[in-house]
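Participant: I have a structure here, written as structure tokens, and I will follow up with some questions on it.
The values are calculated or read from the model by the stated rules, or taken from the named source; none is laboratory data. From a predicted model like this one, the values you see are computed outputs, not experimental measurements. Cβ atoms come from the backbone with ideal geometry, glycine included; neighbour counts cover every protein chain shown. SASA here: full protein model, heavy atoms, side chains in, ligands and nucleic acids out. Shrake-Rupley method; radii C 1.70, N 1.55, O 1.52, S 1.80 Å.
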Amino acid sequence: MITLEQLRYRWPKHDIDTIHIEQLQIQQGERIFLFGPSGTGKSTLLGLLAGIHRPTLGKISILNQDLTSLSNAKRDQFRADHIGTIFQNFNLLAYLNPLENVMLGCHFSTLRTNKAVQQHGSVKQAARHLLAQLGISEPLLHHSVGELSIGQQQRIVAARAVIGKPELIIADEPTSALDADNRAAFINLLFEQATQCNATLLFVSHDQSLAPMFSRQLSLAEINQRDEKV
Ligand code: ADP
Ligand code: MG
């Protein structure tokens, strides 16, 4: 699913690599927990995998596609087609209602649009179906997302990440603003959705108490040799 080789990333004006990973492989269907203290490069690594940053050196391949050989525009398209992303601050659009926010997950991808249409008749119907499944009831669909609780917003973010069945779901500390009960509930919800799309899940957190829920734990400090000077 994911292969990293000799991967290095150095931020502009830095004199060491933030990321230096010799080798890493992630298999399809794995539920990965990537952890490490804040400031160690977790978000940088996710940005590389999502094709937002381009490696300084080395290779990233996802679904047998070498991301490093793609132009910026092609990497953006690859992300839209194959990767559902969930960020810490959710990135929901406050002026759109829940349905419209979920539909955004397909907006930049014909591939995901076609998958949603094939399964549900339209992207709107697919979004409705997901939200109903996640317990967002019909009256809430016409509110702006800013009027909803954090727990409700989270479910909308999860639905947006999985609509159109991307092969990879990447989540960057999505539970850090939640209490323990809501955290576990959200992770279980992501697992259910990932299982339904047959997706691989890469979940990042500094909170190690969540680790046992996942099928594999990766310590960034162990896989990363970030202090090595080049
Ligand atoms: P984490 O997600 O583990 O908290 P980050 O990947 O956000 O860590 O940051 C790792 C390091 O990368 C930071 O210490 C910082 O030096 C550098 N970094 C992160 N974002 C930027 C940026 N936008 N510009 C320059 N340097 C950055
Ligand atoms: Mg981070």
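Participant: From 158, 177, which residue is in contact with a helix residue (DSSP H, G or I) (Cβ under 7 Å, 6 or more places away or on another chain) and in a loop (DSSP other than H, G, I, E, B)?
Facilitator: It is 177.
Participant: Please go through region 1-37 and give me each residue that is among the β-branched types (Val, Ile, Thr), more than 9 Å from ligand 1 (Cβ to nearest atom) and in contact with a strand residue (DSSP E or B) (Cβ under 7 Å, 6 or more places away or on another chain), ordered by number.
Facilitator: The answer is 2, 3, 21, 26, 32.
Participant: Taking region 1-57 as the search range and keeping residues that are open to solvent by 20 Å² or more (accessible area, probe 1.4 Å), aliphatic (A, V, I, L, M) and under 22 Å from residue 77 (Cβ atoms), which one is nearest to ligand 2 (Cβ to nearest atom)?
Facilitator: 52
Participant: Still on this structure, I have one more. Looking at region 183-209, which of its residues are open to solvent by 50 Å² or more (accessible area, probe 1.4 Å), without any contact (Cβ under 8 Å) to a residue 40 or more places away in the chain and closer than 23 Å to residue 82 by Cα?
Facilitator: 188, 192, 195, 196
Participant: Does residue 168 qualify as being open to solvent by less than 10 Å² (accessible area, probe 1.4 Å) and either closer than 17 Å to residue 129 by Cβ or at pLDDT 90 or above (or both)?
Facilitator: In short, yes.
Participant: Could you tell me whether any residue of region 38-48 is free of Cβ contacts under 8 Å to residues at least 40 places away in the same chain and either away from ligand 1 (no atom under 16 Å from the Cβ) or at positive phi (or both)?
Facilitator: yes
Participant: In region 63-72, is there at least one residue being surrounded by 19 or more Cβ atoms within 10 Å (Cβ to Cβ) and either away from ligand 1 (no atom under 16 Å from the Cβ) or within 25 Å of residue 158 (Cβ to Cβ) (or both)?
Facilitator: The answer is yes, given that some residue of region 63-72 is surrounded by 19 or more Cβ atoms within 10 Å (Cβ to Cβ) and either away from ligand 1 (no atom under 16 Å from the Cβ) or within 25 Å of residue 158 (Cβ to Cβ) (or both).
Participant: Among 126, 132, 180, 159, which is the only one that is over 30 Å from residue 8 (Cα atoms), over 14 Å from the mean Cα position of the chain (by Cα), of a type in the set (A, V, I, L, M) and open to solvent by less than 60 Å² (accessible area, probe 1.4 Å)?
Facilitator: When all the criteria are applied, what remains is 126.
Participant: Another question, if that's okay. Of all residues being touching a residue at least 12 places away in the same chain (Cβ under 8 Å) and assigned to a helix (DSSP H, G or I) in region 210-230, which is surrounded by the most Cβ atoms within 10 Å (Cβ to Cβ)? Just the residue, please.
Facilitator: Filtering region 210-230 for residues that are touching a residue at least 12 places away in the same chain (Cβ under 8 Å) and assigned to a helix (DSSP H, G or I), the one surrounded by the most Cβ atoms within 10 Å (Cβ to Cβ) comes out as 220.
Participant: So, one more: Pairs under 7 Å by beta carbon, first residue closer than 19 Å to residue 48 by Cα in region 82-98, partner open to solvent by less than 30 Å² (accessible area, probe 1.4 Å) and in a loop (DSSP other than H, G, I, E, B), six or more apart or different chains?
Facilitator: Close Cβ pairs satisfying both conditions: 82/166; 83/50; 83/166; 84/166; 85/50; 86/174; 88/173; 88/174.
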